[in-house]
Amino acid sequence: MSENSRYFLRKPFHYYLVLAVIATTLLSWLNFNSYLIILLLFCRLIDGSPRAALRSAAGNIFLWAYAVIFLMELAGLLYTHDLFTAWKHMESKATLLAIPFILLAGPFCDPNGYHKLLVAYCWLLTAICLYCLSMAAVEYHWQHDPGVFFYHELTSAAGVNAVFFSGYVLIAILYLLFSDDRYDRAIRIGMILFFSVIMVLLSSRLLLMLLGIIYIVYLFRGIPKSRAAAGWSLIVLVVLVMGTLAFTDNPFSRRYQELGPTRLSTRIEPQPETVPRINSISLRFFMWRSAFEILRERHAWVLGVTGGDSQNLLNQKYLDAGLSEGYLGYNFHNEYIEVLVHSGFVGWGLFILAIGGLIVMTRITGSLPATFTTLLILLLCSTESTLEMQHGLFLCSFFPLLNYCGRSTDPGRQSSFGLLRRSPAFPCI
């Protein structure tokens, strides 16, 4: 067996199967996606010795960092009052066991395979973004409402939450900025600009802030002086586009007006959903306050109320507050709080240990894309229940491990975690 053939991604069928899993995740073909993940898992087991694959995965601490979250949901089956819902939660968390196993049950990819997969990912994401824009253009033709090009309206064609989709777009921008050149520089610049515009249209405040930090780091750490003019030109162009949207009347700027002092409130009163006082900030404060009330009323600080019961209890809080029934089914919009309600302080402590494992893996990977990917996940967990939907589950489990498996073995091509040291691995545009 040659040195390269031992890598799982070297086999064409495996490579295209991984791409199909990514595509069906982004397009929300979730039933088909589940079958493809099972097939991918089976291929991993029979690619060599199943016993060796099991031994390799089980001996990797990073598999257990993800598996512990699945095991917490599994334990909730023992004391839930809603077994069906608890089972569905546990079933969805199986992604956090399957994806890490696939990547860690032996050599997954070398640096060349890593780049090949992410180049294909960028093109795939471009096609999906163009599809969403096309469908929004059709809607605009009929409705004449520019709002169809923004936020959840834009990604509704793919059935993806706009915030999670922003995370996937940010992964592509990170690769294009900080990885080796794999194609023409003009195409690279065009993709970066295109994805930056998509980020603006998706209107995720937190991830736009992270994007700004990424550009600042790239500008000051990743661009040699000989190419600084090109980098500055790109940054200025992005700032001008974002500034134009921020200071003119459009759906993007109107979405951010809720952060003004006259609109921002941590309270929520019994009133219909259409009343302006209710915004994403006050609603989140209400959800988080309700989480602690549920734990206190149920005396569930130690083991939580399980994933099967938590949503029913939160729905009752919405009804008790006199909110519109349109809020029923909204989760806590914070994964740290979600885990606390599901599994109590016992589960929350295990979850923090899993986060620590993710940070250690990022340090070992030692690249800026890995660092910002981890930061992206930590930020998403603070404003969204990231591990309660397949899009978030796959984002959090696949890309950090892909960065880890595809890391360069050349020490000169890596940077220390968090120090953002300049390295030849960060080329200029």
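The values are calculated or read from the model by the stated rules, or taken from the named source; none is laboratory data. Everything numeric here is computed off the predicted structure, so don't read it as measured data. Because the Cβ atoms are built from the backbone with ideal geometry, glycine has one as well, and the counts that use them run over all protein chains shown.
Tabulated results
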| item | result |
| --- | --- |
| Some residue of the stretch 140-147 being within 21 Å of LEU207 (Cα to Cα), surrounded by fewer than 20 Cβ atoms within 10 Å (Cβ to Cβ), touching a helix residue (DSSP H, G or I) at 6+ places or on another chain (Cβ under 6 Å) and in contact (Cβ under 8 Å) with a residue 40 or more places away in the chain | yes |
| Count - residues of the stretch 56-83 that are free of Cβ contacts under 8 Å to residues at least 40 places away in the same chain and among the β-branched types (Val, Ile, Thr) | 0 |
| Matching entry among LEU77, LEU30, LEU83 (being under 21 Å from the mean Cα position of the chain (by Cα), aliphatic (A, V, I, L, M), surrounded by fewer than 17 Cβ atoms within 10 Å (Cβ to Cβ) and closer than 30 Å to GLY329 by Cβ) | LEU30 |
| Selected residue (only one of GLY243, GLY304 is surrounded by fewer than 17 Cβ atoms within 10 Å (Cβ to Cβ), of a type in the set (Gly, Ala, Ser) and either assigned to a helix (DSSP H, G or I) or at pLDDT 90 or above (or both)) | GLY243 |
| Selection status of ASN60, over 27 Å from VAL360 (Cα atoms), in contact with a Leu (Cβ under 9 Å, 6 or more places away or on another chain) and either surrounded by 14 or more Cβ atoms within 10 Å (Cβ to Cβ) or modelled with pLDDT of 90 or more (or both) | no |
| In the stretch 150-167, the residues that are buried (at least 20 other Cβ atoms within 10 Å of the Cβ), under 9 Å from CYS132 (Cα atoms) and hydroxyl-bearing (Ser, Thr, Tyr) | THR155 |
| Residue among ILE377, ILE352, ILE359 that alone is out of contact with any helix residue (DSSP H, G or I) (no Cβ under 7 Å at 6 or more places or on another chain) and modelled with pLDDT of 90 or more | ILE352 |
| Residue check, PHE70 surrounded by fewer than 18 Cβ atoms within 10 Å (Cβ to Cβ) and aromatic (Phe, Trp, Tyr) | no |
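Results for (1) assigned to a helix (DSSP H, G or I); (2) basic (Lys, Arg); (3) modelled with pLDDT under 85, shown as yes or no for each residue.
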residue	(1), (2), (3)
TRP142	yes, no, no
VAL160	no, no, no
ARG182	no, yes, yes
LEU206	yes, no, no
